[in-house]
Amino acid sequence: MQQNRKPEGRVRRIMRQTALGLGGLVILLAASGALYNTLELHRLRAAYPPPGKIYAVDGHAMHLYCLGAGSPTVVLESGRAESLLVWGKVQPALSRTTRVCSYDRAGLGWSEATEGPRDSEHIASQLHGLLAKAGIDGPLVLLGHSAGGLYIRGYRARYPDQVQGLVFVDATMPEKTPPHLAALVHHEGLEVTIFQMAIALGIPRLLGDCSTPPPGFDATANLWRADACKPSYVTAYKAESKAWPLAVSEVERAEGLDDLPIVVLSRDTHLPPPHNLAAAVPKTELEQDGRNHDAAQEALVHLSSRGRRIIAQGSSHYIHFDRPALVVREARSLVQSLRTGRDQPGLGTTITQ
């Protein structure tokens with residue numbers, strides 16, 4: 001009996017040693033990937049510094065990038081987990097008309113992360129402090145994309161005397177998420193965590209996913225590379241997502257926009273849905289969501305008696321990527337109307353262009 005056990009014992013030892021060896025190899029590879037990602041980020045950030053200026057706001061570094069001259073100042077508010085680089089097709093062109101400033105919210109781009117909630121009021125307070133440090137006290141036109149559309153409404157509610165107009169770029173409305181999309185968001189929460197681990201381990205960088213900017217951003221390609229695959233981005237995304245219900249309730253409590261001049265730019269809901277939605281949500285429900293989106297965008301424009309809406313034909317949610325000239329044209333028109341004191345044409349209407 002003892003002779004029969006000896007081979008089995010040797011097999012178990014070999015299997016245990018093999019498992020330990022493979023585990024050690026996995027740990028070594030993970031550590032190597034993480035070190036490679038960290039070193040490459042450090043190298044790129046040193047080689048390609050931030051395009052704007054860094055200001056200390058409540059003890060934290062915040063990045064502001066301004067181009068052009070003139071009043072009112074247009075301030076660009078990015079969507080969730082996006083740096084100011086997303087405005088590369090809009091800011092230079094619009095700056096030929098007036099001063100245009102983009103910035104990085106806390107934890108994004110070249111701005112440091114901060115403690116505390118990332119709700120609308122805190123985001124507005126930090127932006128206000130940043131503009132004050134830069135000597136910009138209004139008048140302002142705020143232009144926000146997606147979640148940024150909610151944040152600019154929060155800023156206007158908190159600092160109404162500074163804001164002369166708003167431009168919404170397929171802005172998120174403070175409404176309840178449909179049940180099937182809520183389930184999808186929960187599913188994506190797990191994917192976000194896995195993605196954060198992958199970034200920290202350097203997997204996307206090893207696969208070459210950190211070196212290619214979006215199409216049409218060749219002029220700022222090196223800055224995109226210097227800002228890609230940062231684990232802190234996912235942390236910032238999670239913080240803003242966690243505070244989203246509070247941000248929504250803050251905006252819902254705010255008063256309407258009265259006669260504030262606003263422009264609402266909306267995506268084309270007749271385009272095919274993103275692949276992840278098409279695969280996870282029935283077609284009939286996606287079509288209903290498209291109708292709900294149109295209704296919400298229409299409700300947004302009627303928050304003011306001086307609003308107009310343009311549906312960007314052929315454009316996705318990222319109108320400033322797909323139709324930047326439209327964004328520039330409408331923001332420029334609003335600025336010029338404020339300078340002359342004459343309303344833009346077509347107030348209270350919705351057109352498709």
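The values are calculated or read from the model by the stated rules, or taken from the named source; none is laboratory data. All values reported here derive from a predicted model rather than from experimental measurement. Positions of Cβ are backbone-derived with ideal geometry, glycine not excepted, and every protein chain shown enters the neighbour counts.
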Q: Can you tell me which residue within region 313-353, out of those that are of a type in the set (K, R) and more than 26 Å from the chain's Cα centre (by Cα), is modelled with the lowest pLDDT?
A: R342
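Condition check ((1) among the charged types (D, E, K, R); (2) without any contact (Cβ under 8 Å) to a residue 12 or more places away in the chain) across all residues:
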| position | (1), (2) |
| --- | --- |
| A219 | no, no |
| W224 | no, no |
| D227 | yes, no |
| K230 | yes, no |
| E240 | yes, no |
| P245 | no, yes |
| E250 | yes, no |
| L257 | no, no |
| L260 | no, no |
Q) Does V163 meet the test of being in contact with a Gly (Cβ under 7 Å, 6 or more places away or on another chain), hydrophobic (A, V, I, L, M, F, W, C) and at pLDDT 95 or above? A) no
Q.
Condition check: assigned by TED's automatic domain parsing to the domain that holds L142, surrounded by fewer than 15 Cβ atoms within 10 Å (Cβ to Cβ) and farther than 26 Å from R158 by Cβ. Does P282 satisfy that?
A. yes
Q. Does L271 satisfy being surrounded by fewer than 21 Cβ atoms within 10 Å (Cβ to Cβ), at pLDDT below 90 and either in a strand (DSSP E or B) or of a type outside the set (G, A, S) (or both)?
A. yes
Q) Going through region 214-259 one residue at a time, which ones are under 23 Å from P204 (Cα atoms), over 17 Å from the mean Cα position of the chain (by Cα) and among the polar types (S, T, N, Q)? A) T220, N222
(Q) Could you tell me how many of the residues in region 80-99 are on the phi < 0 side of the Ramachandran plot and assigned to a loop (DSSP other than H, G, I, E, B)? (A) 11
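Listed here are the residues, each with its yes/no results for (1) of a type in the set (F, W, Y); (2) closer than 29 Å to R309 by Cβ; (3) in a loop (DSSP other than H, G, I, E, B); (4) assigned by TED's automatic domain parsing to the domain that holds L303.
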{"residue": "C101", "(1), (2), (3), (4)": "no, yes, no, yes"}
{"residue": "E115", "(1), (2), (3), (4)": "no, no, yes, yes"}
{"residue": "D137", "(1), (2), (3), (4)": "no, no, yes, yes"}
{"residue": "G149", "(1), (2), (3), (4)": "no, yes, no, yes"}
{"residue": "Y155", "(1), (2), (3), (4)": "yes, yes, no, yes"}
Q: State all residues of region 111-149 that are of a type in the set (A, V, I, L, M, F, W, C), buried (at least 21 other Cβ atoms within 10 Å of the Cβ) and modelled with pLDDT of 95 or more; if no residue qualifies, say none.
A: I123, A124, L127, L130, L131, L140, V141, L142, L143
